[in-house]
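See below for the structure under consideration.
The values are calculated or read from the model by the stated rules, or taken from the named source; none is laboratory data. These numbers come from a predicted model, not from an experiment. Here the Cβ is made from the backbone with ideal geometry for all residues, glycine too, and neighbour counts use every protein chain on show.
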There are 2 protein chains.
Amino acid sequence: MTFIINCNIFTPPKMGIRMSEKRNSTGCQICSFRVMLFNALEEDELYKLNACREQFLIRRGEVICREGEPIESIIYVNQGLIKLHKRVSETRSQIISIARPHDFVGLLSVFSKTKYYYSITAIEDSSVCFISKECILNEIRSNGRFALDIITRMSRITDDVLESKFALSSKNLRGRIAHILLDFADNIYNSNEFRLPVSRREIAELIDMRTENVIRIMSEFRKDRLIRINGHTVEIMNPEMLRKISSAG
Amino acid sequence: MTFIINCNIFTPPKMGIRMSEKRNSTGCQICSFRVMLFNALEEDELYKLNACREQFLIRRGEVICREGEPIESIIYVNQGLIKLHKRVSETRSQIISIARPHDFVGLLSVFSKTKYYYSITAIEDSSVCFISKECILNEIRSNGRFALDIITRMSRITDDVLESKFALSSKNLRGRIAHILLDFADNIYNSNEFRLPVSRREIAELIDMRTENVIRIMSEFRKDRLIRINGHTVEIMNPEMLRKISSAG
DNA sequence: CGCGGCTTTGATGTTCATCAAGTAAAGTGG
DNA sequence: CCACTTTACTTGATGAACATCAAAGCCGCG
């Protein structure tokens, strides 16, 4: 394994530290994700890329960047989970999306914006690479295949985000909860039993409903024996039924 | 003027004709929009691009392509208005977005999808160019500046769509109507008086509400002397108040 | 221990979708 | 061109879905 972070090096979260630790992993050339990542790049180009990259460990709860700060890099998620969120009023936030390993954060904004319009926070201990904007721009200009890679990836991200938002907006509350639970199980944890990385309130912010209703409906699902809940641990007992509820929504 | 369609050549809409007329305008090299469009291309490259381009006139109501059809081109809107829409059930559709002059349609999907997941229909008499996918791909591969142009444009489109969807989803119905009216006035017609190019029902599909409520709220606005309505003609009388309602939403 | 944040449940109110029914406008066929 | 049909528009009444408010238990943390 090339990634140090795959070992159990995390210490318990400690607040107040803005950016946990800078790590030098062994580099992009032998990054285990390389095949999904920059396969258009030759050895020497990867070497260049590696030079404008910084890897960090971020602890759960730490803010990676804030709304309004300049975008200087794109962020590649190696490990963990990261939320993109935005204040919409004094008392309320919205979660725009949750990024997981292999995702780029900021890929959509970096070329058209100079400032983030969302904040970025780790919701699990995470490992990320910052890759400088300039570096990416240069590479796009000089390497057509790389450009096409980036474009394809942007395109997929957009489609995913839009489709999931459209799907959600047409569902009722029960459908949304069913959808999000299945999403965690199927796409993030690949298991019917997992620890919810987010609070009830954050779920509400993610799928546009109120905390109370998240709780209410999850309790309903528990009573109906569709799921088991123990604090933040969730086990999906009847995925078929949840799927029905989600698509009926 | 380089564009034939700027003259009044449109005949009244006639249903049943799938694709109105093919037109050879004078070409990309002297297209009046060139400056906004492909300014990364040299003369000879524009010449190539021009060769894989077809220009069409589309009449109001005509379907340009349907959900599920293969994506073979991107569509550039020269003139008119075009809606991207999707069936969500037997009886209901959603409008994903409305494209206007200078917009590319399909730019977001062409690189990650092989089929359209939406249909495209003209809501005003329009002039569009189809530019073949292969042509664009080749150009991206061989011209880094062009690639960057495309990327920047994709990025802007995405941001716009996402931001407007987010804005809408957090507004109440009055806020949404106010928002969409201002959008037409400010961003499409640049005038406080305009002819709504869409039916009440289409407005509903665009901002996710019911036809009856679109009507009800527009009538409210009329009674409150915020707008004047005469059929499809709308005049915004009190834009400041509408802006308040939109952002309060 | 006590404070603040997260969770939970119940009661209440608002917003909005749905249903129904009628009018106006626009397309269609004789 | 007129009668007919369909589609768009409009208003009111009703009910369901969901937000909001209130109150209390729980838990971690200083």
*Do the conditions hold for B:Leu206, that is, is it more than 12 Å from DNA strand C (Cβ to nearest atom), within 18 Å of A:Phe166 (Cα to Cα) and outside the structural domain of B:Ser97 (by TED's automatic domain parsing)?*
yes
*asked:* Among the residues of segment A:193-205, are any of a type in the set (Phe, Trp, Tyr) and within 28 Å of A:Ser109 (Cβ to Cβ)?
replied: no
*Pick out the one residue from B:Asp160, B:Asp125, B:Asp183 that is among the charged types (D, E, K, R) and more than 30 Å from A:Asp208 (Cβ to Cβ).*
B:Asp125
*Selection count, segment B:131-152, where residues are more than 8 Å from chain A (Cβ to nearest Cβ) and either without any contact (Cβ under 8 Å) to a residue 60 or more places away in the chain or surrounded by fewer than 21 Cβ atoms within 10 Å (Cβ to Cβ) (or both)*: 6
*asked:* Step by step: first the residues of segment A:223-241, then only those that are loosely packed, with under 15 Cβ neighbours inside 10 Å and assigned to a helix (DSSP H, G or I), then the one that is nearest to DNA strand C (Cβ to nearest atom). Which residue is that?
replied: A:Lys223
*Working only within segment B:58-83, note down all residues that are in a loop (DSSP other than H, G, I, E, B) and aliphatic (A, V, I, L, M).*
B:Ile71, B:Leu81
*asked:* Going through A:Gly80, A:Gly68, A:Gly27, A:Gly61 one at a time, which residue ends up being surrounded by 14 or more Cβ atoms within 10 Å (Cβ to Cβ), at pLDDT 75 or above, on the phi > 0 side of the Ramachandran plot and not assigned by TED's automatic domain parsing to the domain that holds A:Pro197?
replied: A:Gly80
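Here's the yes/no breakdown for (1) within 28 Å of A:His102 (Cβ to Cβ); (2) of a type in the set (Ser, Thr, Tyr):
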{"residue": "A:Asp208", "(1), (2)": "yes, no"}
{"residue": "A:Thr211", "(1), (2)": "no, yes"}
{"residue": "A:Phe221", "(1), (2)": "no, no"}
{"residue": "A:Arg225", "(1), (2)": "no, no"}
{"residue": "A:Asn230", "(1), (2)": "no, no"}
{"residue": "A:Pro239", "(1), (2)": "yes, no"}
*Subset of segment B:48-57 that is in a strand (DSSP E or B) and buried (at least 16 other Cβ atoms within 10 Å of the Cβ) - its residue that is farthest from the other protein chains (Cβ to nearest Cβ)*: B:Leu57
*Would you be able to tell me the number of residues in segment B:160-179 that are within 16 Å of DNA strand D (Cβ to nearest atom), more than 9 Å from chain A (Cβ to nearest Cβ) and assigned to a helix (DSSP H, G or I)?*
6
*Only one of these conditions is not met by A:Lys86: (1) surrounded by fewer than 20 Cβ atoms within 10 Å (Cβ to Cβ); (2) outside any strand (DSSP E or B). Which number is it?*
(2)
_segment A:187-213 residues that are away from DNA strand D (no atom under 16 Å from the Cβ), paired with ones that are of a type in the set (Gly, Ala, Ser) and not in a strand (DSSP E or B) (beta carbon under 8 Å, 6 or more apart)_ = A:Ser191/A:Ala185; A:Asn192/A:Ala185; A:Phe194/A:Ala185
*Identify, from the list B:Ala185, B:Ala167, the residue that is more than 13 Å from DNA strand C (Cβ to nearest atom), under 29 Å from A:Glu163 (Cα atoms), of a type in the set (Gly, Ala, Ser) and modelled with pLDDT under 95.*
B:Ala167
_Restricting to segment B:94-130, name every residue that is in contact with a Phe, Trp or Tyr (Cβ under 8 Å, 6 or more places away or on another chain), in a loop (DSSP other than H, G, I, E, B) and facing another protein chain (nearest Cβ under 10 Å)._
B:Ser109
